[in-house]
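The values are calculated or read from the model by the stated rules, or taken from the named source; none is laboratory data. Being a predicted model, the structure only gives us computed values, none of them experimental. So basically every Cβ, Gly included, is an ideal-geometry build from the backbone, and we count neighbours across all protein chains shown. For the accessible areas, the whole protein counts, side chains as well, though only heavy atoms, and no ligand, DNA or RNA atoms are used. Shrake-Rupley method; radii C 1.70, N 1.55, O 1.52, S 1.80 Å.
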Amino acid sequence: MRSRAVPLVLLFALALPLTVLASGPANAGKVTFTEPVTVGNTVLNAGSYKVKWEGAGSTVQVSFLQRNKTVATVPATAVDEANPFLDGAVQTREQKGNAKVLKKILWKSVSLNFDEAALAQGK
């Protein structure tokens, strides 16, 4: 009996890290802005960012990281949908003074929608 328990424990111990690794990258992507973009109350300068999101269901908290430092965290809605974009495609709207406000980031199988009303209220 004991000899059968050891392989099961080893199998479980090896499978757990693989599960964690498999679930981690699914909620992350990269995006490059060619000009400054406002998200929430933060202006993100032109450049490349790692985007990570956490949360259950469609409402998530999205963090923008540059050089492994979080520069902004805002709420968004995650939508599982097929898109033709491998890298992050960006949709913005123009604000007064030609400033760009981030509306959406699209990757191959997920989109993040930034609800401006929720962002303004900090929800």
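Mind telling me which of the residues ALA72, ALA78 ends up being open to solvent by less than 90 Å² (accessible area, probe 1.4 Å) and in contact with a helix residue (DSSP H, G or I) (Cβ under 9 Å, 6 or more places away or on another chain)?
Of ALA72, ALA78, the one residue that is open to solvent by less than 90 Å² (accessible area, probe 1.4 Å) and in contact with a helix residue (DSSP H, G or I) (Cβ under 9 Å, 6 or more places away or on another chain) is ALA78.
Acidic (Asp, Glu), within 14 Å of ASN27 (Cβ to Cβ) and open to solvent by 50 Å² or more (accessible area, probe 1.4 Å) - does that describe any residue in the stretch 87-102?
There is no residue in the stretch 87-102 that is acidic (Asp, Glu), within 14 Å of ASN27 (Cβ to Cβ) and open to solvent by 50 Å² or more (accessible area, probe 1.4 Å).
Consider the stretch 36-52. How many of its residues are farther than 17 Å from LYS104 by Cβ and among the aliphatic types (A, V, I, L, M)?
2
Contact list please: Cβ distance under 7 Å, first residue in the stretch 53-75 and within 18 Å of TRP107 (Cα to Cα) and modelled with pLDDT of 95 or more, second residue open to solvent by less than 70 Å² (accessible area, probe 1.4 Å) and of a type in the set (D, E, K, R), pairs at least six apart or on different chains.
From residues that are within 18 Å of TRP107 (Cα to Cα) and modelled with pLDDT of 95 or more, there are no pairs.
Can you tell me which residue among LEU21, LEU44, LEU86, LEU119 is at pLDDT 95 or above and under 17 Å from the mean Cα position of the chain (by Cα)?
Just a single option satisfies the conditions, and that option is LEU44.
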